[in-house]
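Below you'll find the structure, written out as structure tokens, and then a few comments.
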Amino acid sequence: MQRLSKLSKILLIVWLVLFMSLSQPLPVFAGFNAWTSIGPEGGWIYALAIDPTNPNTLYAGTDVGGVFKSTDGGANWGVVNTGLTSLNVYALAIDPNTPNTLYVGTTGGVFKSTNSGTTWSAVNNGLTNLYGRALAITSTGSTLYAGTTGGVFKSINGGTSWSAVNSGLIATYIRSLALDPTTPNTLYVGTSGDGVHKSTNGGSTWNAVNNGLNSSTSRHVYALAIAPTTPPTLYAGTLGGVFKSTDGGATWSAINTGLTNFNLYTLAVDPTTPTTLYAGTSGGGVFKSTNGGATWSAANTGLTNLYVRALAIDPTNSNTLYAGTDGGGVFKSTDGGANWSAVNTGLTSLSVYALAINPTNPNTLYAGTHGDVFKSTNGGMSWSASGTGLTYVFALAIDPTDSNTLYAGRRVGGVFKSTNGGANWSAINTGLTTPIVYALAMDSTMLYAGTYYGGAFALQHRARVYLTLVLRNP
């Protein structure tokens, strides 16, 4: 009976241990001696494209992760990079007649897929500059234009061969391309510093069309968009705001009323209501106009990352649109931009530079990325971004005496501190002579920072406590 009692006690202890362990969040499963991807999800999205015949199929071109594809309206993503030797994707174009055929512009040239992204092959014959920043394809699908850092190139055989078409083009750094949907020989390019140029003969010759683009900022044209039903009306997104032309680029006027951020990355015009348009900005999120740009209003509810580089509108339902961000991945709206939600499941295109584990709760960990600081409270099974825009975090350190206090070292910006588990951050750079921090280490009182070409720095983050022993004569 006594032995049975001891056995019962042992079983009770085992049961209690199991119960306590199961009541804690379990870390994500990883194979023994085999790596398992655990996120965080998101990334820098430079390009978005929607299949015109099946709007549930869309593609995202990322800064470092290549191309991702979704077949369920962004709910889930998978990487489609077979044959893609350059993973820095800045432009996407889908053949409107054969949507299984698509092209990407990368830092390694143009790549083509004829099977919806399953496999890719380089199509760079004649492309003397391989830095592809913009792509445009005619409605027939046979003629393709590539805007590069070395000018404009044209292919009339689906990318098999290219020829430079730069006669009259003042600037060779091309940021954006737009084709007239009714007159395919008419096209526009936005340049880096020399405004907009126009060709009416398929790129054979170009003329600058900058009347009204008078400032240096307005001549950095990151985005061009044409109203599909009235092609003489076009919009230019610049570092000086949005400009509009109603005469095919002959004259431009600023249309920035209500626009609080003038650094434009992207523009999109509603295909069914051309007076409705959207602007993606650098740090201000998405702005919407319903009167052809006369007035704008912010449309950022639910958009936790306000650096918007790409916009795409569902061609069959213009209330559905997607926004690609810097570090936050892809967001989706189904009500014309009134509300947004992140749609990043499977989209793991973030560069993670630093990781830190909470010393008192190992299921809580932080990831420093090029887009934000991410936090997980369940061992990496799910992540959330701080939403503070703390980019390029190369180092993280957690205070061993206060796990809610942590420090981030940035490639640009120095050292930042949070006292609430990463929700908010503030710079602590007094005495730090270089803002490039690659390493952090700390103990209970000292924080050390390793910098780029600046040596190491030390900061006393907590006062040292000294005990003084006083001896008295008896």
Can you find, within the range 61-76, the residue that is nearest to the chain's Cα centre (by Cα) among those that are over 14 Å from Leu350 (Cα atoms) and part of a loop (DSSP other than H, G, I, E, B)?
Gly74
Which condition from (1) under 30 Å from the mean Cα position of the chain (by Cα); (2) in a loop (DSSP other than H, G, I, E, B) is the one that Lys417 breaks?
(2)
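Per-residue answers, yes or no, for (1) surrounded by fewer than 16 Cβ atoms within 10 Å (Cβ to Cβ); (2) more than 19 Å from the chain's Cα centre (by Cα):
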residue: Ser341; (1), (2): yes, no
residue: Leu347; (1), (2): no, no
residue: Leu355; (1), (2): yes, yes
residue: Asn358; (1), (2): no, yes
residue: Asn363; (1), (2): no, yes
residue: Gly371; (1), (2): no, no
residue: Lys375; (1), (2): no, no
residue: Ala385; (1), (2): no, no
Could you run through the range 132-153 and say how many residues are part of a loop (DSSP other than H, G, I, E, B) and of a type in the set (A, V, I, L, M)?
0
If we ask which residues in the range 20-60 are more than 19 Å from Ser333 (Cα to Cα) and either crowded, with 19+ Cβ neighbours inside 10 Å or modelled with pLDDT of 95 or more (or both), their number turns out to be 3
Looking only at the range 110-142, count how many residues are among the β-branched types (Val, Ile, Thr), crowded, with 18+ Cβ neighbours inside 10 Å and more than 24 Å from the chain's Cα centre (by Cα).
2
For the range 324-333, state whether one or more residues are under 24 Å from Tyr46 (Cβ atoms) and acidic (Asp, Glu).
yes
When the residues of the range 257-291 are filtered to those that are crowded, with 19+ Cβ neighbours inside 10 Å and among the small types (Gly, Ala, Ser), which remaining residue is nearest to Phe243 (Cα to Cα)?
Ala279
Condition met for Thr316 (touching a residue at least 60 places away in the same chain (Cβ under 8 Å), under 26 Å from Val64 (Cα atoms), of a type in the set (Ser, Thr, Tyr) and assigned to a loop (DSSP other than H, G, I, E, B)):
no
Scan the range 197-231 for residues that are free of Cβ contacts under 8 Å to residues at least 12 places away in the same chain and more than 31 Å from the chain's Cα centre (by Cα) and report the count.
0
In the range 249-298, anything of a type in the set (Phe, Trp, Tyr) and either farther than 17 Å from Asn319 by Cα or in a loop (DSSP other than H, G, I, E, B) (or both) is listed as Trp252, Phe262, Tyr265, Trp296
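Does the range 113-125 contain any residue that is of a type in the set (Val, Ile, Thr) and touching a strand residue (DSSP E or B) at 6+ places or on another chain (Cβ under 6 Å)? If you could, list the steps in order and put the result at the bottom.
Pass one, the range 113-125, residues of a type in the set (Val, Ile, Thr): 114, 118-119, 123.
Among the residues that remain, those that are also touching a strand residue (DSSP E or B) at 6+ places or on another chain (Cβ under 6 Å) are: 123.
The answer is yes; a qualifying residue exists.
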Looking at this structure, is Tyr131 touching a residue at least 12 places away in the same chain (Cβ under 8 Å), closer than 25 Å to Trp77 by Cβ, of a type in the set (Ser, Thr, Tyr) and in the same structural domain as Asp314 (by TED's automatic domain parsing)?
no
Could you tell me whether any residue of the range 393-404 is closer than 13 Å to Ala356 by Cβ and hydroxyl-bearing (Ser, Thr, Tyr)?
yes
Under 9 Å between Cβ atoms, which residue pairs at least 6 apart in sequence (or on different chains) link something in the range 232-257 that is more than 17 Å from Ala268 (Cα to Cα) with a partner that is basic (Lys, Arg) and assigned to a loop (DSSP other than H, G, I, E, B)?
Gly240/Arg219
For residues that are in contact with a Gly (Cβ under 7 Å, 6 or more places away or on another chain) and among the hydrophobic types (A, V, I, L, M, F, W, C), scanning just the range 292-319, find the one that is farthest from Lys244 (Cα to Cα).
Leu303
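The values are calculated or read from the model by the stated rules, or taken from the named source; none is laboratory data. Keep in mind it's a predicted model, so treat the numbers as computed, not measured. Counting neighbours? That spans all protein chains shown, and the Cβs are built from the backbone with ideal geometry, glycine included.
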